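K.L.:
Sharing a structure, written as structure tokens. Questions coming.
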């Protein structure tokens, strides 16, 4: 079991929809993506990360009374960005990585995987934008 990111939409009816696609590289290189975001002059990548799911699934905390799932709690109290703000971050990162070609990893270069996961996330954020949904990445295990 490893920690990964899932892209999510917060729909206008308050429900959370997830792509449930493991984004291992985006999680692993989140700190590097934050540094690259600074160079790209966009908000930090980590501003898209929500830790609600992992906090309750890995900790001893109980969900508040009347709350049935971490998605329900994340919908109410989680970290969310407008889809357009998320797209600005993701597109800025992809453009910088495509032009400067930084290395991701010491032994093996995971840049292609980072690019693939960013591209997939951009497509999912575009879908959020089309339905006026918000966007985040949940940290899941």
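The values are calculated or read from the model by the stated rules, or taken from the named source; none is laboratory data. These numbers come from a predicted model, not from an experiment. Glycine gets a Cβ as well: all are built from the backbone with ideal geometry, and neighbour counts include every protein chain shown.
K.L.:
What are the residues in the stretch 16-36 that are more than 14 Å from residue 5 (Cα to Cα), in contact (Cβ under 8 Å) with a residue 24 or more places away in the chain and touching a helix residue (DSSP H, G or I) at 6+ places or on another chain (Cβ under 7 Å), if any?
P.N.:
16, 36
K.L.:
Moving to a separate point now. Are any residues in the stretch 92-112 surrounded by 16 or more Cβ atoms within 10 Å (Cβ to Cβ) and either at positive phi or within 15 Å of the chain's Cα centre (by Cα) (or both), and if so, which ones?
P.N.:
92, 93, 94
K.L.:
Might you let me know whether the stretch 6-15 holds any residue that is without any contact (Cβ under 8 Å) to a residue 60 or more places away in the chain, surrounded by 13 or more Cβ atoms within 10 Å (Cβ to Cβ) and in contact with a helix residue (DSSP H, G or I) (Cβ under 8 Å, 6 or more places away or on another chain)?
P.N.:
Within the stretch 6-15, the subset without any contact (Cβ under 8 Å) to a residue 60 or more places away in the chain is 13.
Subset that is surrounded by 13 or more Cβ atoms within 10 Å (Cβ to Cβ): none.
Looking through the stretch 6-15, none of the residues is without any contact (Cβ under 8 Å) to a residue 60 or more places away in the chain, surrounded by 13 or more Cβ atoms within 10 Å (Cβ to Cβ) and in contact with a helix residue (DSSP H, G or I) (Cβ under 8 Å, 6 or more places away or on another chain).
K.L.:
Given the conditions (1) part of a helix (DSSP H, G or I); (2) touching a helix residue (DSSP H, G or I) at 6+ places or on another chain (Cβ under 9 Å); (3) at pLDDT 95 or above, which single one is not true for residue 55?
P.N.:
Of everything listed in (1) part of a helix (DSSP H, G or I); (2) touching a helix residue (DSSP H, G or I) at 6+ places or on another chain (Cβ under 9 Å); (3) at pLDDT 95 or above, residue 55 misses just condition (3).
K.L.:
Let me ask something additional. Has the stretch 86-102 got any residue that is more than 18 Å from residue 119 (Cβ to Cβ), in contact with a helix residue (DSSP H, G or I) (Cβ under 8 Å, 6 or more places away or on another chain) and free of Cβ contacts under 8 Å to residues at least 40 places away in the same chain?
P.N.:
Taking every residue of the stretch 86-102 in turn, none turns out to be more than 18 Å from residue 119 (Cβ to Cβ), in contact with a helix residue (DSSP H, G or I) (Cβ under 8 Å, 6 or more places away or on another chain) and free of Cβ contacts under 8 Å to residues at least 40 places away in the same chain.
K.L.:
Considering only residues that are outside any helix (DSSP H, G or I), farther than 15 Å from residue 6 by Cβ and touching a residue at least 12 places away in the same chain (Cβ under 8 Å), which ones fall in the stretch 106-133?
P.N.:
110, 131, 132
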